[in-house]
Amino acid sequence: MQKSIFITGASSGLGKATAKLFQSKGWRVFATMRNPENETELTHLDNVTVLRLDVTNPSQIESAIHQVLHNHDIDVVVNNAGYGLVGVLEALSDEQITRQLNTNLLGVIRVTQAFTPFFRQRRKGMFINITSMFGLIGYPTCSIYSATKFAIDGFSESLAYELAQFDIQMKIIAPGGIQTDFAGRSLDGATHPAYQTLIDKVSEGYSEERISQFSTATQIASVIYEAATDQKNQLRYIAGADANQLYQERLVGGSEKQVQQLLQAFTQ
Ligand SMILES: NC(=O)c1ccc[n+]([C@@H]2O[C@H](COP(=O)([O-])OP(=O)(O)OC[C@H]3O[C@@H](n4cnc5c(N)ncnc54)[C@H](OP(=O)(O)O)[C@@H]3O)[C@@H](O)[C@H]2O)c1
């Protein structure tokens, strides 16, 4: 039987690559986005339905899910919608912080909560939540972004224990850098002169050369596909060479050692 997937933030980057990959593997895809009227690619693919969904809008979540479940079954929900907020804490406005938490964290919680009764009654389903390497390891200028991604990690792990009895699986994908609109169009940020030396050091990690070594969205989408289909009881998938290297350092040397190394690197 044809499997179905529901994806948030499918207008670009990882969400769109995931929609295209699952469609190419024969899945029925519900690609949701804030502005479906601007979509020109997914609308032309067989078995893809494009729907309006802003994850900060609870009534849109309810209506999109109602629209889908009225006629179809969903096997997998991918909570992908999110963007980066980059800047030292002192420089960020309350509006920026609230919007980041509302989108990256509350959006995931709302969509997951809305789908849960359906999966529970069906006694089957899977949530795949997209976090980040910065949802496992902290990094300067990413405190609020990391707060959302660490929170999704804890949310997903905790929820896994509640939902296992109904054969509902939780999976977390923690990607490293991906070549998407994330560092351009989608990025929000602020700067502060007192932190300029630190900000310059952090920027070195985002040189054109470093970005060219990031994973492609298709490579990370293939990890999502693996998670959806591997039949494993595995919670976390670290995606991308950079994320795997950093996470291995943490596992092998321990988190304290890594924190001290990063502190040294950023305070020298
Ligand atoms: N790129 C990276 O280096 C990287 C690394 C680790 C994790 N991630 C994570 O990967 C996910 C996808 O990011 P990406 O790299 O593919 O960046 P992207 O190309 O900028 O895509 C972000 C997507 O999220 C959508 N979005 C933003 N706010 C939304 C809202 N309120 N409701 C619904 N959709 C919303 C955007 O829609 P619009 O087109 O309407 O703006 C866009 O489709 C994010 O969760 C991000 O944190 C990215």
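Towards the positive end of the charge dipole of region 4-267, with charges on Cβ (+1 Lys, Arg; -1 Asp, Glu), say which of Gly125, Gln245, Ser143 has the farthest Cα.
Of the candidates, Gly125 comes out farthest on the positive side.
Using the Cβ atoms and a cut-off under 9 Å, what net charge is assigned to the surroundings of Ala228, where Lys and Arg are +1 and Asp and Glu are -1? Don't skip to the answer; put the middle values down first.
Working: positive: Lys3, Lys171; negative: Asp75, Glu226, Asp230.
Neighbour charge sum, excluding Ala228 itself: -1.
Taking the simple approach of a point 7 Å from Cα along Cα-to-Cβ for both Thr218 and Gln268, what is their distance in nm?
Once both label points are built, they end up 3.8 nm from each other.
Hand me the trypsin sites (Lys or Arg not before Pro) from region 1-60 located in a DSSP loop with no more than 14 other Cβ atoms within 10 Å, in residue order please.
Values: sites: Lys3, Lys16, Lys20, Lys25, Arg28, Arg34, Arg52; in loops: Lys3, Lys25, Arg34.
Those satisfying the criteria are Lys25.
So which trypsin sites (Lys or Arg not before Pro) in region 138-234 end up in coil per DSSP with only 12 or fewer other C-beta atoms within 10 Å?
Details: sites: Lys149, Lys171, Arg185, Lys201, Arg210, Lys232; in loops: Arg185, Lys232.
In loop regions of region 138-234 (DSSP not H, G, I, E or B), the sparsely surrounded trypsin sites (Lys or Arg not before Pro) are Arg185, Lys232.
As a test, work out the antiparallel percent of DSSP beta bridges whose residues both lie in the chain, rounded to the nearest 5.
Working: 0 of 29 bridges.
Antiparallel: roughly 0 percent of the beta bridges in the chain.
Check the straight Cα-Cα distances from Lys3 and name the aspartates and glutamates below 12 Å, setting aside those fewer than 8 residues away within the same chain.
Hits, sequence-local ones excluded: Asp73, Asp75.
Loop only by DSSP, 10 or fewer other Cβ within 10 Å of the Cβ. Give me the GluC sites (Glu not before Pro) in region 51-104 that pass, ordered by residue number. All intermediate terms of the calculation are to be shown ahead of the outcome.
Details: sites: Glu62, Glu90, Glu95; in loops: none.
Sparse-neighbourhood loop GluC sites (Glu not before Pro): none present.
Give the carbon-plus-sulfur fraction of the accessible surface of the chain in %, rounded to a whole number; probe 1.4 Å, heavy atoms of protein chains only.
Summing carbon and sulfur atoms, their accessible area is 50 percent of the total for the chain.
As a quick test, which of the pairs Lys232/Lys257; Lys171/Lys257; Lys20/Lys171; Lys124/Lys171 have an alpha carbon distance above 22 angstrom in this structure?
Values: Lys232/Lys257 31 Å; Lys171/Lys257 28 Å; Lys20/Lys171 20 Å; Lys124/Lys171 14 Å.
The answer is Lys232/Lys257; Lys171/Lys257.
Keeping all protein chains in the complex and leaving out DNA, RNA and ligands, what accessible area do you get for Ile109 with a 1.4 Å probe, in Å² to the nearest 10?
50 Å²
Calculated FRET efficiency, His72 and Thr98, Cβ-Cβ r, R0 25 Å, to nearest 0.05?
Computed FRET efficiency for His72 and Thr98 comes out at 0.15.
Based on the Kirkwood radius over alpha-carbon pairs, what value in µm²/s does the Stokes-Einstein equation return for the translational diffusion coefficient of region 35-102 at 37 °C and 0.692 mPa s?
Values: Rh = 14.8 Å.
Estimated via Stokes-Einstein, D reaches 222 µm²/s.
Starting from a Cα-only point model with no solvent, please compute log10 I(q)/I(0) by Debye for the chain at q = 0.07, 0.13 1/Å.
After summing over all Cα pairs, the log10 values are -0.24, -0.85.
Normalised by the empirical 2.2 N^0.38 Å for globular proteins, what value does the Cα Rg of region 69-157 take?
With N residues counted in region 69-157, Rg over 2.2 N^0.38 Å equals 1.23.
Relative contact order for region 4-267 using alpha-carbon pairs under 8 Å, separation at least 6, rounded to a whole percent?
20 percent
Summing +1 for each Lys or Arg and -1 for each Asp or Glu, what net charge is found among the other residues whose Cβ lies under 12 Å from the Cβ of Ile168?
Working: positive: Arg120, Arg122, Arg123, Lys124, Lys171; negative: Asp75, Glu162, Asp167.
Net charge around Ile168: +2.
The values are calculated or read from the model by the stated rules, or taken from the named source; none is laboratory data. Model, not experiment: these values are computed from the prediction. Positions of Cβ are backbone-derived with ideal geometry, glycine not excepted, and every protein chain shown enters the neighbour counts. Keep in mind that these areas ignore ligands, DNA and RNA; they rest on the heavy atoms of the full protein, side chains included. Shrake-Rupley method; radii C 1.70, N 1.55, O 1.52, S 1.80 Å.
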